[in-house]
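Structure record follows, encoded as structure tokens.
The values are calculated or read from the model by the stated rules, or taken from the named source; none is laboratory data. Note that the structure is a prediction, hence the values are computed from the model and not measured. Every residue, glycine among them, receives a Cβ derived from its backbone with ideal geometry; neighbour counts consider all protein chains shown.
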Amino acid sequence: MSPLTITARDAATGPVLEVTGDLDHATASELRRAVDGLALTAGHLLVVDLAGLDFCDSSGISALLAARGLATEQGARMALAAVPANTARILGIVGLDQVFSIHPDVSVATAVDSGR
């Protein structure tokens, strides 16, 4: 079991949350709190960088969906970056790869967004 660490930083397109460790039943509330603490505004892109994600269960996926919902409520959008293969597989199986904007890394996510 890897402890969850969430680091926030700003990009030109909006906030980036770097998530490392296990995103599961015991830690999903930490992601929810981190997103709640962001100052999202209309036009922002929230990027959740999952490059350091070791494990994600259904509670973690629910927390990602809640983050997307909060971003949408604020008039912002959300993208996932560097989704590990095992998590990407699950997102695909349940159809969430059609709900989330998924990019190979943060630089691609923010570059794609800056072209809009």
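Filtered by the rule that a residue be touching a strand residue (DSSP E or B) at 6+ places or on another chain (Cβ under 7 Å) and either at pLDDT below 95 or closer than 17 Å to ASP97 by Cα (or both), segment 65-79 gives ALA67, ARG68, ARG77, MET78, ALA79. Pairs linking a residue in segment 61-83 that is within 19 Å of ALA42 (Cα to Cα) to a residue that is acidic (Asp, Glu), with Cβ atoms under 9 Å and 6 or more positions apart or on different chains, are LEU70/ASP36; ARG77/ASP113; ALA79/ASP113; LEU80/ASP49.
In segment 75-100, of all residues being among the polar types (S, T, N, Q) and surrounded by fewer than 17 Cβ atoms within 10 Å (Cβ to Cβ), the one that is nearest to SER29 (Cα to Cα) corresponds to ASN86. One residue stands out among those in segment 14-58 that are modelled with pLDDT of 95 or more and of a type in the set (Ser, Thr, Tyr): the one that is nearest to the chain's Cα centre (by Cα), which is THR20. Note on segment 87-102: residues that are without any contact (Cβ under 8 Å) to a residue 24 or more places away in the chain, part of a helix (DSSP H, G or I) and not aliphatic (A, V, I, L, M) total 4.
You will find that of ALA34, ALA42, ALA79, the residue that is assigned to a helix (DSSP H, G or I) and hydrophobic (A, V, I, L, M, F, W, C) is ALA34 and no other. When restricted to residues that are touching a strand residue (DSSP E or B) at 6+ places or on another chain (Cβ under 6 Å) and either at positive phi or at pLDDT below 95 (or both), segment 80-108 contains 1. Note on segment 12-35: residues that are in contact with a helix residue (DSSP H, G or I) (Cβ under 7 Å, 6 or more places away or on another chain) and farther than 20 Å from ALA82 by Cα amount to 1.
The single condition among (1) buried (at least 22 other Cβ atoms within 10 Å of the Cβ); (2) assigned to a helix (DSSP H, G or I) that LEU53 does not satisfy is (2). Selection of segment 3-48 for residues being within 14 Å of ALA79 (Cα to Cα) and of a type in the set (Asp, Glu) yields only GLU18. Does VAL19 satisfy the condition of being in contact (Cβ under 8 Å) with a residue 60 or more places away in the chain, assigned to a strand (DSSP E or B) and crowded, with 16+ Cβ neighbours inside 10 Å? When the stated conditions are applied, VAL19 does not pass them.
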